[in-house]
Amino acid sequence: MPLFGVQNGIYNNTVYANSAIHPENNGHNIPKIANVFPGETEKYEYKNQNEDRLKVLSVIYDDKNCPKDVNKEKMAETIIKVAAEFDMDPVVLACIIRKETNFRQINGANGQGLMQLTRISIEDMFLRPKVYDKKLEEIKKKYPTAEALYKAIQKDPELNMRVGVILFKTKSKAVKNNLSKALENYNGHPKYKKSYSRIIMNMIKEYDNAA
C-alpha cells in the first residue's frame with residue numbers, strides 16, 4: 001500500500017512516485033520521486049522531518065487544480081515552517097490550503113489569500129486579542145491596525161498562512177481540539193461547513209494519521 005496517498009510510496013528506502021501498486025508485486029520500473037519533484041534526491045532516511053515534507057509535497061502535487069507556476073517546493077517549505085512555529089500538523093495545514101485555494105494567493109469578496117481570511121476575522125483579532133495566540137502580538141507590532149494587517153495578508157502568502165493558523169488554532173481550542181469541529185468553525189458557513197470539514201478530514205486521512 002502507498003504511504004503518501006495514492007501516488008507515493010517507499011520501497012527499499014527509495015521514495016517512489018505513482019506507486020499505486022508495490023514495485024515488488026508488478027515488476028515495473030516505477031519512476032522515483034526525484035523525477036516528479038525537481039531537485040529532490042532519490043533516497044531519504046525514514047525520519048519524521050522527511051516524512052512530513054514528502055506528505056506535504058504529495059498534498060500539493062496531487063492537487064490537479066494547483067497552477068503550474070506555483071513553486072511547490074517553496075510552498076511545502078513554508079507550510080512546514082509555519083506549522084512548526086505554531087505546533088500544528090503540516091499535513092492538516094496543507095489540506096486546508098488545498099481546499100481553500102488550491103495553493104493560490106486569491107483575493108476576492110469572500111476571503112483573502114491562501115487561507116481565505118475575512119475582514120471580520122482580522123478585526124476580531126484586534127477587538128479580542130487575548131483570545132488568540134500570543135504570536136499575534138508580534139505581528140501586530142508591524143501591522144498596528146486591522147486595516148494594515150488586512151492589506152498585508154493580501155500580498156504576503158507566508159503572513160497570510162501565519163494569521164490563518166492563528167485563527168484556526170483559536171477555532172480548534174474553542175472545541176477542545178476536535179479537528180472535525182475546528183474545521184467546521186473555520187469555514188463557518190451554516191450550509192457548507194459540515195461538507196467542508198468532511199472533505200478535508202478525508203484528505204487528511206489519505207495522507208496522514210492525524211485524524
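Rule-based calculations on the coordinates, nothing more; no lab input. What you are looking at is a predicted structure, and each value in this text was computed from that prediction instead of being measured. Here the Cβ positions follow ideal geometry from the backbone for every residue, glycine too, while neighbour counts run over all protein chains shown.
Counting every other Cβ atom within 10 Å of each residue's Cβ, K72, K173 order from fewest to most as K173, K72. Computed from backbone phi with θ = phi - 60° and the Karplus coefficients 6.51, -1.76 and 1.60, the 3J(HN,Hα) list for region 136-149 is 4, 4, 5, 5, 5, 5, 7, 10, x, 10, 4, 5, 5, 5 Hz; x is used for glycine and proline.
Close amide H partners of Q112, meaning residues 5 or more places away or on another chain with modelled amide H under 5 Å apart, are L117, T118. Applied to region 99-107, the Karplus parametrisation 6.51 cos²θ - 1.76 cosθ + 1.60 on θ = phi - 60° returns per-residue 3J(HN,Hα) values of 5, 5, 9, 6, 6, 10, 7, 8, 10 Hz, with x for Gly and Pro. The 3J(HN,Hα) values that the Karplus relation (6.51, -1.76, 1.60; θ = phi - 60°) gives for region 82-87 are, in residue order, 5, 4, 5, 4, 10, 6 Hz. Gly and Pro appear as x.
The value obtained for region 47-207, namely the Cα convex hull volume divided by the number of residues, is 115 Å³ per residue. By other beta-carbon atoms within 10 Å, ranking F168, F103 with the fewest at the front produces F168, F103. Lysines within cross-link reach of K72: Cα-Cα under 27 Å, excluding same-chain residues under 8 positions apart? Candidates past the 8-residue exclusion: K32, K43, K47, K55, K64, K81, K99, K135, K151, K155, K169, K205. Rg of the Cα atoms in region 59-134, relative to 2.2 N^0.38 Å, amounts to 1.20. By the beta-carbon count within 10 Å of each Cβ, the least crowded to most crowded order of S180, S58, S172, fewest first, is S180, S172, S58.
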